[in-house]
Structure formats: C-alpha cells, structure tokens
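Data block below; observations after.
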Amino acid sequence: MTSPSLQPGAQAPDEVLPIRSDEQIVRLRRLVREKAVALGMSLIDQTKFVTAASELARNTLTYGGGGDVHFYQLQQNSRSGLRLEFIDHGPGIADIQKALTDGYTSGNGLGLGLGGAKRLCDEFEIRSSPGEGTHISITKWKPF
C-alpha cells in the first residue's frame with residue numbers, strides 16, 4: 001500500500017519534529033508513545049512502534065545527517081493508526097534490499113535497524129537513492 005503522504009497532493013502532516021540531536025530523539029520517543037496511548041494502542045504495540053521510531057530517528061541523525069519526522073494520525077474505515085515519515089537529505093542508500101538484510105550495517109551498528117523496524121510495524125515503505133536522501137514511512141494500526 002502506498003503511503004498517502006508519498007503521493008502528490010497528499011495531506012499535510014499533523015506535526016513535524018526535527019531530528020538534529022540526541023535530545024530530539026528522546027523527545028520523538030516520548031511524543032510517539034503519547035500519540036500511541038491517545039489512540040488506545042496496547043502496551044506491546046506502543047513499545048514496538050516507539051522502538052521502530054527510535055531506530056529510524058537514530059539512522060536519520062547518524063547516516064542522514066539529521067532530518068525531520070512527519071506525524072499523521074490516520075482514520076481508515078473503522079480503524080485508527082499513526083504514520084511517521086522520516087525524511088533526510090543525506091547520502092541515500094545505494095542498495096535498499098541489502099540495507100534491509102539483518103546483519104548489514106554501513107556503520108558500527110549491529111545491522112538490525114531497518115529490517116527490525118520493518119518487522120515492528122504494520123506498514124513500511126522506503127524510498128532512497130544515492131545523493132537523494134532517504135524517505136521512510138512506517139504505520140502502526142490499532143487492532144479492531
């Protein structure tokens with residue numbers, strides 16, 4: 001499923017948070033948890049989504065040189081959800097499939113970041129190319 005915000009003429013984000021420092025990553029984690037609680041997500045789903053968001057924010061700062069996170073509260077039919085979009089203008093990812101492979105790292109990490117974040121979310125979409133930056137969208141839906 002394509003993220004509405006990745007399409008032309010998409011809705012404006014409900015909130016935008018810059019990611020330029022460790023303190024802003026801590027703020028992001030707190031804000032994601034607050035929004036997940038407000039939607040009535042279970043503690044397990046809150047933890048999964050906060051963990052995925054934290055990992056992607058860390059990547060945005062470390063590999064993308066900083067960027068922004070766009071928040072979208074979703075309502076689709078009778079379900080509610082939260083979408084986060086991580087956008088940076090860093091060097092981009094040359095081989096997305098390789099980057100999603102467990103064990104792959106372009107730095108000093110464990111190589112569980114992108115693939116792990118993908119598994120923790122209901123929807124995951126990535127767009128990136130060398131010299132163009134990276135745009136990752138993650139969504140978590142509150143179960144019926």
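Derivation of every value follows stated rules applied to the coordinates shown; laboratory data play no part. Please read all numbers here as calculations on a predicted model, not as lab measurements. Neighbour counts run over all protein chains shown; Cβ positions are idealised from the backbone, glycine included.
Given the DSSP H assignment, sum -39500 (n - 2.57) over each helix run of at least 4 residues in the chain and divide by its residue total; what's the result at 222 nm in deg cm²/dmol, nearest 500? Intermediate values should be presented prior to the final figure.
Values: 4 runs with 49 residues, N = 144.
About -10500 deg cm²/dmol.
Give me I96, I136, I126 sorted ascending by neighbouring Cβ count inside 10 Å, so fewest comes first.
Values: I96 15, I136 27, I126 18.
Lowest count first: I96, I126, I136.
Which trypsin sites (Lys or Arg not before Pro) in the range 5-75 pass both tests, a DSSP loop state and at most 16 other beta-carbon atoms within 10 Å? Could the numbers behind the result be given before it?
Numbers: sites: R20, R27, R29, R30, R33, K35, K48, R58; in loops: R20.
Those that pass, being in a loop and sparsely packed, are R20.
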**Positive-end extreme of charge dipole, the range 15-141 - chosen from G40, T101, L82 (charges on Cβ)** = G40
**Asked** Could you give P(r) for the chain, binned at 5 Å from zero, as whole percent values over all Cα-Cα pairs?
**Response** 2, 10, 21, 25, 22, 13, 6, 2, 0
**Asked** Among all lysine pairs in the chain that are eight or more places apart or on different chains, how many have alpha carbons less than 12 angstrom apart?
**Response** 5
**Complete:** Here the range 118-132 yields Karplus 3J(HN,Hα) values (6.51, -1.76, 1.60; θ = phi - 60°; whole Hz; Gly and Pro given as x) of 4, 5, 7, 10, 7, 9, 8, 9, 9, 9, 6, 7, x, x, 10
**Note, ³J(HN,Hα) from phi for the range 33-50, Karplus 6.51, -1.76, 1.60, rounded to Hz, x at Gly and Pro** = 4, 4, 5, 5, 5, 4, 7, x, 5, 5, 4, 5, 5, 4, 5, 4, 5, 5
**Using θ = phi - 60° and Karplus 6.51 cos²θ - 1.76 cosθ + 1.60, couplings along the range 82-88 (whole Hz; Gly, Pro as x)** = 9, 10, 10, 10, 9, 10, 10
